[in-house]
2 protein chains.
Amino acid sequence: MSAGQRRDATKRAPTASERIVEAARALFVEAGETAVTMRAVAARAKVSPMAAYRHFESREALMHAVMERGHDDFLRRMHHALAAPGPGERLAATGRAYLDFALENPRDYALMFMQSVAGDPCAGAPAWRDAATFRFLVDRIAECTAAGLMPPGDPELLALSLWAHIHGLVSLYLAQKLALDEAAFRALCDRVLTLAWRPEATFPPDAAGIA
Amino acid sequence: MSAGQRRDATKRAPTASERIVEAARALFVEAGETAVTMRAVAARAKVSPMAAYRHFESREALMHAVMERGHDDFLRRMHHALAAPGPGERLAATGRAYLDFALENPRDYALMFMQSVAGDPCAGAPAWRDAATFRFLVDRIAECTAAGLMPPGDPELLALSLWAHIHGLVSLYLAQKLALDEAAFRALCDRVLTLAWRPEATFPPDAAGIA
DNA sequence: GGTTGATGTTTACGTTGTAAACAACACATG
DNA sequence: CATGTGTTGTTTACAACGTAAACATCAACC
């Protein structure tokens, strides 16, 4: 898994590391990235400013831990979609879970998916394409294809196309490029998502061309 | 040329403001947002550190000016697509111009379109939906619809859908979420864009559903 | 015991954004 | 002409930041 190793997070008192990440996350969610200063985090975690450096190499590493917690939450949320009865409903629920997470945790979403990277492309952390959440989406699509709910095609490519479409809408909305309030935005997304899990419409729209 | 300094009437010397934005832009493009410090900008513009504050209220305002220069360049680039002979070709060229700009100016693109905003949604600058570049895309699509190159539908909604799709791909690529090098990424985008300007394919893919 | 390593602290340094006070100069108005 | 008055530049100063360095505490193991 991630940074934390041996812990039964069920009942023990939180470790200093956990308190520090928790403090950073709280500050981040409440007031954004610039509010996450090492001093503020330390104060909130009730340690001295330099204590955080015993657990995280730098502020950047701490923010990375916050991001990973976001990904954990995100994946957990997606997995709720498995409760739906059929493949089509599961894909639909996955899309809804994606949207809900992004709108309820806009800063986390931005940290996880909208951070441009300074260095050359294909350098940083493992691409999300290989991550559990993307695999989950691919599985949902493959499931639909297998059930004959959508035209056959490389499920990875289909997932990428669908993901890009939804992420494009979400990230433009979060970057405030759309003159829409949340309700109008959800309505817009609903149309796209409805197409996404309604095989009788030509979905995935570009399946014929891409696959 | 003699010792006498020659003044080109058409091309006067840049003002201090212009030099400062130019310096900020250069630093930003070369080394990213963190490299754009007021002191570094001032040094590059050959003024004292505080001089920039006579022209920009804050560092944030200066970055905003850099962003606006990016939007100017972007719009100019898009307008080259008008040289193409027909509506279909113009829409295709518009998509290519979008992609080219993003890949050639990744930091500018991220500054312009991938910046999440702290405040509540629908608060900041005028939404891009109202901006000239989006209008341009809407016009290209309306043009195609009028020419019978694609099924009728609200061109604004169609443009939004197409924009989101492309922007989703681009921004995920720039955020390094895709395990693709630039060539592979371009190939992927080409398939989507081909569908976008090829009316005989079902484009825009979700036109029937959205419109 | 004593040594060691993990964890915490205090102190200090260099860099940042920017407020404040001051200087040079253009220019309109007496 | 002198005299404000506004624009543009400067120097100086300060608080907040990330973090290096040195030191303190304390449990675990020879």
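Could you grab me the full set of residues in the range B:113-135 that are modelled with pLDDT of 65 or more and facing chain A (nearest Cβ under 7 Å)?
Let us first name the residues in the range B:113-135 that are modelled with pLDDT of 65 or more, namely B:113-117, B:126-135.
Result: B:PHE113, B:MET114, B:GLN115, B:SER116, B:VAL117, B:ALA127, B:TRP128, B:ARG129, B:ASP130.
For B:LYS177, work out the one condition from (1) charged (D, E, K, R); (2) facing chain A (nearest Cβ under 7 Å); (3) surrounded by fewer than 24 Cβ atoms within 10 Å (Cβ to Cβ) it doesn't fulfil.
With (1) charged (D, E, K, R); (2) facing chain A (nearest Cβ under 7 Å); (3) surrounded by fewer than 24 Cβ atoms within 10 Å (Cβ to Cβ) applied to B:LYS177, the lone miss is (3).
Which helices (runs of 4 or more DSSP H) does the range A:84-185 wholly contain that include 3 or more residues that are over 16 Å from B:LEU169 (Cα atoms)? Give the derivation first.
Values: elements: A:87-104, A:106-113, A:132-146, A:155-174.
So the answer is A:87-104, A:106-113, A:132-146.
Going through B:GLY70, B:GLY95, B:GLY148, B:GLY86 one at a time, which residue ends up being at positive phi and more than 16 Å from DNA strand D (Cβ to nearest atom)?
Values: B:GLY70 fails: at positive phi; B:GLY95 fails: at positive phi; B:GLY86 fails: at positive phi.
That would be B:GLY148, the only listed residue that is at positive phi and more than 16 Å from DNA strand D (Cβ to nearest atom).
Would you confirm, using the coordinates I've provided, whether A:MET63 is within 14 Å of chain B (Cβ to nearest Cβ), within 12 Å of DNA strand D (Cβ to nearest atom) and surrounded by 17 or more Cβ atoms within 10 Å (Cβ to Cβ)? Show your work before the answer.
Working: within 14 Å of chain B (Cβ to nearest Cβ): yes; within 12 Å of DNA strand D (Cβ to nearest atom): yes; surrounded by 17 or more Cβ atoms within 10 Å (Cβ to Cβ): yes.
It is true that A:MET63 is within 14 Å of chain B (Cβ to nearest Cβ), within 12 Å of DNA strand D (Cβ to nearest atom) and surrounded by 17 or more Cβ atoms within 10 Å (Cβ to Cβ).
Go through the range B:21-55 and give me each residue that's touching a helix residue (DSSP H, G or I) at 6+ places or on another chain (Cβ under 8 Å), of a type outside the set (Gly, Ala, Ser), away from DNA strand C (no atom under 13 Å from the Cβ) and under 19 Å from B:HIS71 (Cβ atoms).
Across the range B:21-55, the qualifying residues are B:VAL21, B:ARG25, B:VAL29.
Quick grid of which residues meet (1) surrounded by fewer than 19 Cβ atoms within 10 Å (Cβ to Cβ); (2) at pLDDT below 75; (3) hydroxyl-bearing (Ser, Thr, Tyr); (4) in contact with a helix residue (DSSP H, G or I) (Cβ under 7 Å, 6 or more places away or on another chain):
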| site | (1), (2), (3), (4) |
| --- | --- |
| A:LEU172 | no, no, no, yes |
| A:VAL192 | no, yes, no, yes |
| A:ALA196 | no, yes, no, yes |
| A:GLU200 | yes, yes, no, no |
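Scan the range B:45-70 and report the pairs whose first residue is farther than 26 Å from B:ASN105 by Cα and whose second residue is more than 8 Å from DNA strand C (Cβ to nearest atom) and among the β-branched types (Val, Ile, Thr), with Cβ atoms within less than 8 Å and a gap of 6+ or a chain change.
From the range B:45-70, the pairs are B:VAL47/B:ILE20; B:ALA51/B:ILE20.
Conditions tested, residue by residue: (1) in contact with a Pro (Cβ under 9 Å, 6 or more places away or on another chain); (2) at pLDDT 95 or above; (3) part of a helix (DSSP H, G or I).
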{"residue": "B:ALA13", "(1), (2), (3)": "no, no, no"}
{"residue": "B:GLU18", "(1), (2), (3)": "no, no, yes"}
{"residue": "B:ALA23", "(1), (2), (3)": "no, yes, yes"}
{"residue": "B:VAL29", "(1), (2), (3)": "no, yes, yes"}
{"residue": "B:ARG39", "(1), (2), (3)": "yes, yes, yes"}
{"residue": "B:ALA52", "(1), (2), (3)": "no, yes, yes"}
{"residue": "B:PHE56", "(1), (2), (3)": "no, yes, no"}
{"residue": "B:ALA65", "(1), (2), (3)": "no, yes, yes"}
{"residue": "B:ASP73", "(1), (2), (3)": "no, yes, yes"}
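The values are calculated or read from the model by the stated rules, or taken from the named source; none is laboratory data. Note that the structure is predicted; figures quoted are calculated from it, not measured. We place every Cβ from the backbone using ideal geometry, glycine too, and count neighbours over all the protein chains shown.
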